[in-house]
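Working notes for the structure below.
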Amino acid sequence: MRLALAFLATTFLATAAALAAVSDAHAETPADFLRTYEAAARQDDSGFTGFSAQRGEAFFKTTHGREWSCASCHTPNPTVGGKHAKTDKPIGPLAPTANAERFTRPDKVEKWFRRNCNDVVGRECTPAEKGDVLTYLMSLAK
Amino acid sequence: MKHPKRIGYLALLIAGVPWAGPVLADGDRYTATDPTWKAECGSCHVAYPPALLPAASWRAVMAGLDKHFGTDASLDPATHARITTFLERNAGRERGAPAKPPLRVTETRWFVHKHDEVPGAVWKSVKVKSPSNCAACHTGAERGDFDEDNLRIP
């Protein structure tokens with residue numbers, strides 16, 4: 001009986017540890033994303049001098065030779081909810097200061113940057129552009 | 001050209017997309033679900049129940065996700081494979097001679113027939129915006145519930 005309990009306890013602890021490891025591997029903070037983009041931006045350009053919230057805001061709010069800007073769906077105020085420009089489906093606030101879920105999952109973040117940059121800019125965004133936009137989003141008060 | 005949309009539907013009726021419509025087990029309620037499908041296909045629009053299109057249509061939709069009705073909806077290969085399998089398994093039954101599969105639920109003869117009593121003004125309402133916006137009137141669409149009892153025209 002004692003042996004069985006010890007076995008159960010060990011299994012439970014091992015599972016809990018494995019789950020914690022998995023969630024740690026995926027959970028990141030907006031600052032982690034900035035560090036990753038910064039390292040990549042430096043690699044692209046040795047003269048890189050840092051991200052700019054002002055550049056990010058301009059990138060976010062203007063169109064890039066196509067129909068939509070980021071703000072078309074996320075609104076010019078990313079601390080509030082937006083809606084899909086075509087389907088009207090509600091979109092939660094994009095700024096991490098207003099929505100704790102934002103910029104915590106690398107797979108999700110890269111998926112949406114890939115898709116939305118293709119729609120808005122017609123290509124993938126550079127690490128410098130992503131860093132500028134994220135810096136802008138992180139600078140917004142709730 | 002007073003009613004281009006209606007004429008379009010009429011043309012579709014005549015052309016006869018060879019898709020008679022889904023076979024429903026329980027009224028107009030769709031129960032097939034999958035968390036990945038729900039999350040991915042439901043992030044920009046209602047996750048359209050797989051029974052609403054035949055497997056050939058879903059395969060065609062999934063093959064063109066990078067240009068999905070004007071937007072990039074591309075997926076990583078593992079997610080893409082999982083969703084394709086789910087859609088194929090739960091797709092509607094194909095009837096009639098094989099032809100070009102419809103890509104939009106709203107293009108199917110079944111959809112047009114089901115909505116032939118809807119006045120033109122409803123489709124033009126800013127709250128509806130498009131016939132593909134199921135949830136504008138079908139208040140239970142997010143749950144797969146398309147029962148007429150839960151229908152509310154905005």
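Could you list B:ILE83, B:ILE153, A:ILE91 so that the one with the fewest beta carbons within 10 Å of its beta carbon is first and the one with the most is last? The partial results should precede the final answer.
Details: B:ILE83 22, B:ILE153 12, A:ILE91 16.
Lowest count first: B:ILE153, A:ILE91, B:ILE83.
Here the label points at B:ARG29 and A:ARG42, each 7 Å from Cα along the C-beta direction, are separated by 5.8 nm in the simple model. Scanning residues 5 or more positions from B:HIS68 or on other chains, those with amide H under 5 Å from its amide H are B:ALA73, with H placed 1.01 Å from N in the peptide plane.
Close amide-amide hydrogen proximity is noted between B:ASP145 and B:TYR30, each under 5 Å apart and 5 or more residues distant or on a separate chain (H modeled in the peptide plane; Pro and chain starts excluded). Annotation for region A:55-91: trypsin sites (Lys or Arg not before Pro) lying in DSSP loop with at most 16 further Cβ atoms inside 10 Å of their Cβ are A:ARG66. Each residue of region B:43-51 was assigned a 3J(HN,Hα) from its phi angle through the Karplus curve 6.51 cos²θ - 1.76 cosθ + 1.60 (θ = phi - 60°); the sequence is 7, 9, 8, 4, 6, 4, x, x, 5 Hz, with glycine and proline shown as x.
Working note: Karplus 6.51/-1.76/1.60 with θ = phi - 60° gives region A:94-109 the couplings 8, 5, x, 5, 9, 8, 5, 6, 6, 6, 10, 10, x, 5, 5, 4 Hz, where Gly and Pro are set to x. For B:LYS100, the aspartates and glutamates whose Cα falls under 19 Å of its own Cα, not counting residues fewer than eight places away in the same chain, are B:GLU88.
Tally Lys and Arg at +1 and Asp and Glu at -1 over the other residues with C-beta under 11 Å from the C-beta of A:ALA95: what net charge comes out? Walk me through the numbers before you get to the answer.
Numbers: positive: A:ARG102, A:LYS142; negative: none.
Combined, the nearby Lys, Arg, Asp and Glu give +2.
With the cut-off at 26 Å, tell me which of the pairs A:LYS142/B:LYS67; A:LYS108/B:LYS38; A:LYS61/B:LYS124 have Cα atoms farther apart than that. Write out the running numbers ahead of the final one.
On the way: A:LYS142/B:LYS67 35 Å; A:LYS108/B:LYS38 15 Å; A:LYS61/B:LYS124 29 Å.
The pairs that break the limit, which is 26 Å between Cα atoms, are A:LYS142/B:LYS67; A:LYS61/B:LYS124.
I need the shape label for region A:24-73. Rule: rounded when a/c is under 1.5, else prolate if a/b > b/c, else oblate, with a, b, c from the alpha carbon gyration tensor. Oblate, because a/c is 1.5 or more while a/b does not exceed b/c.
Taken together, the values in this text are just the output of simple stated rules run on the coordinates, not laboratory data. Here the structure is a predicted model, which means the values were calculated and not measured. FYI the Cβ positions are ideal-geometry reconstructions off the backbone, even for glycines, and counts take in every protein chain you see.
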